[in-house]
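Here the structure comes first, spelled out in structure tokens, and everything after it is commentary.
The values are calculated or read from the model by the stated rules, or taken from the named source; none is laboratory data. The structure displayed is predicted, hence computed values, not measured ones. Note: ideal-geometry Cβ built from the backbone for every residue, glycine included; neighbour counts use all protein chains shown. Just so you know, the surface numbers come from the protein's heavy atoms only, side chains and all, with ligands and any DNA or RNA stripped out. Shrake-Rupley method; radii C 1.70, N 1.55, O 1.52, S 1.80 Å.
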Amino acid sequence: MSEKEEMSEEFEANPVDSLINMPLATIDIKDDVGITDVPQRNSKRSKENECIKSDQIKKRKRKLKDYQPNYFLSIPVTNREITGGIKILQKAIVQQDKRLAKAMVGDGSFHITLLVMQLLNEDEVNIGIGALLELKPFIEEILQGRHLTLPFQGIDTFGNQVGFVKLAEGDHMYPLLEIAETAKRTFQEKGILAGESISFKPHLTFMKLSKARMLRKNGVKKIDPELYEKFINHRFGEEMLRRIDLCSMLKKKRSDGYYHCECSIVVESEKKRAMPLLGIYLKECKSASSQDFCTPVFIAILCTIAKI
């Protein structure tokens, strides 16, 4: 199985298949392409305008049909209490069925997916970087200087194919959902296809059958709930929202197991505001820092904005 196929399973669905059943793919989308209804004085002009509308709608539908997410916004989960608990869970499952060892997610990859998107070239990646940087003040406005703590408790699956640790219910869900919706809006306003087919359900994946292609051939077609029965209500710990990364699903992972990262913003409390944008020079995300890190290309973006 290719890395692209493996990563697409991470996000629970084939975007093309799910778009077929989406309201967005079938409703009148003329507002999205800037088309409005106006009275027509003759049938010839009316037919011409109808053809234009039809062509634009078809182009929009084709664009959505070709939508294959290859980047995502990640909230990294690094709390050792959480990652240690997941390792114990994974070990307990593998002890019951050694075939599942290759289905386990490495501890360096643990994260919450905030948003998925399609970035087809370097220019679009740069636009994505700019969108993430613009997102930061909106997040700080939502949080109002307060920390956002995310508690993890219990186990669930997506169709018995992807096992994940659940994010516990509570007041923290409201700002997190608002951040996810704001991120989606910010990226879409930049013309980026983002969040088109997958609704936001915060979770922490620890295993997925798609990682091991031979499992199905060996008779393992689903995750047996009995394998994680003892952890069904287990409290894994709390993660504080400190950083959001723009990561690639397809590029080679870093040496620590985390995804290739194009840009990172640090979410800080009122007492620790971000450093000036002039400090944004480093090429790779850093695991812990007091400033945002993005590719040097952002300097060019700043210059372009200044000229405008």
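The set of residues in segment 235-262 that are of a type in the set (A, V, I, L, M) and not in a loop (DSSP other than H, G, I, E, B) comprises Met240, Ile244, Leu246. Evaluation of Arg185 against the conditions (1) more than 16 Å from Ser264 (Cα to Cα); (2) open to solvent by less than 30 Å² (accessible area, probe 1.4 Å) shows that the sole unmet condition is (2). Residue by residue through segment 143-174, note down the ones that are touching a helix residue (DSSP H, G or I) at 6+ places or on another chain (Cβ under 9 Å) and either over 30 Å from Phe236 (Cα atoms) or open to solvent by less than 30 Å² (accessible area, probe 1.4 Å) (or both). Those that are touching a helix residue (DSSP H, G or I) at 6+ places or on another chain (Cβ under 9 Å) and either over 30 Å from Phe236 (Cα atoms) or open to solvent by less than 30 Å² (accessible area, probe 1.4 Å) (or both): Leu143, Leu148, Leu150, Phe152, Gly154, Ile155, Thr157, Val162, Gly163, Val165, Leu167.
When only residues in segment 70-87 that are open to solvent by 20 Å² or more (accessible area, probe 1.4 Å) and not in a helix (DSSP H, G or I) count, which is farthest from Ile244 (Cα to Cα)? Within segment 70-87, the match that is farthest from Ile244 (Cα to Cα) is Asn70.
Scanning segment 291-304 turns up one or more residues that are surrounded by 12 or more Cβ atoms within 10 Å (Cβ to Cβ), modelled with pLDDT under 85 and aromatic (Phe, Trp, Tyr). Within segment 227-273, the set of residues being among the acidic types (Asp, Glu) and either without any contact (Cβ under 8 Å) to a residue 40 or more places away in the chain or in contact with a Cys (Cβ under 6 Å, 6 or more places away or on another chain) (or both) comprises Glu229, Asp245. Going by what's in this entry, would Ile155 be described as more than 17 Å from Ser74 (Cα to Cα), among the hydrophobic types (A, V, I, L, M, F, W, C), over 17 Å from the mean Cα position of the chain (by Cα) and part of a strand (DSSP E or B)? Taking the combined requirement at face value, the residue satisfies it.
Selection of segment 193-208 for residues being at pLDDT 95 or above and more than 29 Å from Lys221 (Cα to Cα) yields an empty set. Might you let me know whether segment 88-108 holds any residue that is open to solvent by less than 10 Å² (accessible area, probe 1.4 Å) and not hydrophobic (A, V, I, L, M, F, W, C)? Within segment 88-108, none of the residues are open to solvent by less than 10 Å² (accessible area, probe 1.4 Å) and not hydrophobic (A, V, I, L, M, F, W, C). Inspect all residues belonging to segment 197-213 and state whether any of them is over 19 Å from the mean Cα position of the chain (by Cα) and assigned to a helix (DSSP H, G or I). Yes.
Only one residue in Gly191, Gly195 is crowded, with 18+ Cβ neighbours inside 10 Å and at positive phi, so which one is that? Being crowded, with 18+ Cβ neighbours inside 10 Å and at positive phi holds for just one of Gly191, Gly195, which is Gly195. Going through (1) open to solvent by less than 10 Å² (accessible area, probe 1.4 Å); (2) modelled with pLDDT of 95 or more; (3) farther than 29 Å from Met214 by Cβ; (4) not hydroxyl-bearing (Ser, Thr, Tyr) one by one, Leu64 falls short only on (2). Taken over segment 225-234, the residue count meeting the criterion of being surrounded by 14 or more Cβ atoms within 10 Å (Cβ to Cβ) and in a helix (DSSP H, G or I) is 3. Which condition number in (1) in contact with a Ser or Thr (Cβ under 9 Å, 6 or more places away or on another chain); (2) open to solvent by 70 Å² or more (accessible area, probe 1.4 Å) is the one that Asn126 fails? Unmet condition: (2).
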